[in-house]
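Following: one structure in structure tokens, then a few remarks.
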Amino acid sequence: MRGDAAAFPRPFPGKGLALRSVALRSGADLDGFRTAVRRLVAEVVPPDCVSWQESGVLGLFGNEGSGSEAPPLALPRGVGDLVRMVVPHSDPERYALLYALIWRILHGERRLLEISSDPLVHRLERMRKAIARDLHKMHAFLRFRRRESEDSFVAWFEPDHHILEAAAPFFVDRFRSLNWSILTPEGSAHWDGTALTYGPPGRREDVPPSDGFEAGWRDYYESTFNPARTNLRAMRSEMPKKYWHNLPETAAIPGLVRAAAARTNAMIEREPQMPVKRNPARAVAAMSGQEPKSLDDLNAIIRRSEPLVPGATQAVLGEGPAHASLAFVGEQPGDQEDRQGRPFVGPAGQLLARAMEEAGLDRGASYLTNAVKHFKFEARGKRRIHQKPTAGEVSHYRWWLERELDFVAPKLVVALGATAVLALTGKAMPITRARGPAEFGKPYAGFITVHPSYLLRLPDEAKDEAFAAFVADLRRVRELSASLTP
């Protein structure tokens, strides 16, 4: 059998070949399709002898058989990805087309996927691209709104295809610390901070009409709209009007378009000015509706914000008395800190605690935090390997650190390592030369020393001497802190 399976009439099965009916649940039943394909191939049932049914209702010609599951199929690389992408398509012929492709590959056309001119391959590739576009639109145009009564977020979306289960993990990765629900006309997805579950269809009226965040987002959109580059055709291409009713910023578009010509002329006549750098953290605070008035307010913003570095399970906040006289600033949370949600609980934190104890410092009376609030890492198998944050990433988090220390108001701040120094001063300094008392240009005194993770990386023969020097630094910190405390 060659060509597009749908382009050829299906003969009634010959003698000894009964028409098989395969019942799958409605929507995207990837697991059910895989199981059925393995069984059909094991029983040598050709595509023309299979009737694919949805909604979990058996067809007129019996069921697909029973018994133990057939073994996996040995298919070329790429077939599995194509199946995974095409199964959510809304075309009722998708399962028949996919099975026709698999049958041909297993019966002499091993390199079929490489023949883009083949009608069957061409049609399936178009379906794959349609799903990719639908996923992109859902990722880009879905907007959550806060349900104040439940302290959760909910969104409404109307996809063209059955992509809810394929799209939901993206939002888990992006909003892991929030409780949210996505409602669609054919199903719903729910994340409670621990597990992702699916439920029945939702209704648009179950989503709040607006929330406080949307006003801030609309203001941000209006402030970044460039009237000189208004292109309605391109705008409708990238943001189709069917999604506008879900997007708060679209309410401002008609007015922005009407005023585009006048605003463009005003921009041309205005004298040039130096650009103002945008701080993503400050933008998040602005969109929350108000500047934080307390450490709790600031921490709430950090919890809701996306990580400004790749990775991270949750924001790791500072820990210690709210008005401690002594504060320690490290680089970023590590693997254990990210999992537990507390700073300095991993190997480096344990070493710091031991050094503080030997130096006569009370860890419980000190405030401990990091320059970067999320764990940046690279996954290698099951391990998560620490990645040093870039200067730009440190700069993005600097606003949070400065406000955090403003609220704590310590007398002395200890910078543990080069990243903490960069965050506190805006300058890169070699620790070997800057080690000791320092001026950070802030209301508090400063002290620079190594990060305890540096000691962990040293060869065994050098660790004792380096640890002794670290403890000596902390003794100086204790003496300086005592002289500053009233």
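Quick note: the coordinates plus some simple rules give every number you see, no bench work behind them. Being a predicted model, the structure only gives us computed values, none of them experimental. Neighbour counts run over all protein chains shown; Cβ positions are idealised from the backbone, glycine included.
Expressed as cubic angstrom per residue, what is the convex hull volume of the alpha carbon set of the range 287-415? Don't skip to the answer; put the middle values down first.
Working: hull volume 13.5 nm³, N = 129.
Considering the Cα atoms of the range 287-415, their hull volume per residue is 104 Å³.
Determine the sum of side-chain charges near residue 437: Lys and Arg each +1, Asp and Glu each -1, restricted to other residues whose C-beta is under 14 angstrom from that of residue 437. So the surrounding residues net to +4.
Rounded to whole numbers, the Karplus 3J(HN,Hα) couplings from phi for the range 139-152 are 4, 8, 10, 7, 10, 8, 10, 6, 9, 4, 5, 10, 6, 9 Hz, using 6.51 cos²θ - 1.76 cosθ + 1.60 with θ = phi - 60°, and x at Gly and Pro. Here the relative contact order of the range 62-163, from alpha carbon pairs under 8 Å that lie six or more residues apart, stands at 28 percent. Put a plus charge on the Cβ of each Lys and Arg, a minus charge on the Cβ of each Asp and Glu, and nothing anywhere else: the dipole of the range 306-484 about its Cα centre is then about 280 debye.
Placing +1 on each Lys and Arg Cβ and -1 on each Asp and Glu Cβ, with no other charges, gives the range 414-486 a dipole about its Cα centre of roughly 280 debye.
For residue 128, the shell of other residues with beta-carbons less than 13 Å away shows a net charge of +2, using +1 for Lys and Arg and -1 for Asp and Glu.
Could you tell me whether the range 290-336 comes out rounded, prolate or oblate from its Cα gyration tensor? Rule is a ≥ b ≥ c as square roots of the eigenvalues, rounded for a/c under 1.5, then prolate if a/b exceeds b/c, otherwise oblate.
On the way: a/c = 2.52, a/b = 1.17, b/c = 2.16.
It is oblate, given that a/c is not under 1.5 and a/b is not larger than b/c.
Close amide H partners of residue 143, meaning residues 5 or more places away or on another chain with modelled amide H under 5 Å apart, are 156.
Annotation: peptides 101-110, 398-407, 370-379, 454-463, ranked by per-residue average of other Cβ atoms within 10 Å with the highest first, follow the order 370-379, 398-407, 101-110, 454-463.
Sequence-ordered 3J(HN,Hα) estimates for the range 415-425 from the Karplus curve with 6.51, -1.76 and 1.60 and θ = phi - 60° stand at 8, 9, x, 5, 5, 5, 4, 4, 5, 7, 10 Hz, glycine and proline given as x.
Using packing as a proxy for protection, rank 336-346, 150-160 so that the peptide with the highest average count of other Cβ atoms within 10 Å comes first. Kindly include the intermediate steps, with their values, before the conclusion.
Working: 336-346: 19.2, 150-160: 17.5.
Answer by packing, highest mean first, reads 336-346, 150-160.
Amide H to amide H, with H built 1.01 Å from N, residue 448 comes under 5 Å of 415, 436, 438, counting only residues 5 or more places away or on other chains. Across the range 82-98, computed HN-Hα scalar couplings (Karplus, 6.51 cos²θ - 1.76 cosθ + 1.60, θ = phi - 60°) run 5, 4, 4, 7, 7, 3, x, 5, 7, 5, x, 8, 4, 5, 5, 5, 5 Hz from first to last residue, x flagging Gly and Pro. Ranked by the mean number of other Cβ atoms within 10 Å per residue, highest first, peptides 194-207, 172-185 order as 172-185, 194-207.
Under 5 Å from the amide H of residue 20 lie the amide H atoms of 50, 51, each residue being 5 or more positions distant or on a separate chain, with H modelled from the backbone and absent for Pro and chain starts.
Distance between the 7 Å Cα→Cβ label points at residue 116 and residue 31: 3.6 nm.
Once the C-beta distance of residue 433 and residue 293 is scaled by a Förster radius of 25 Å, the resulting FRET efficiency is 0.05 to the nearest 0.05.
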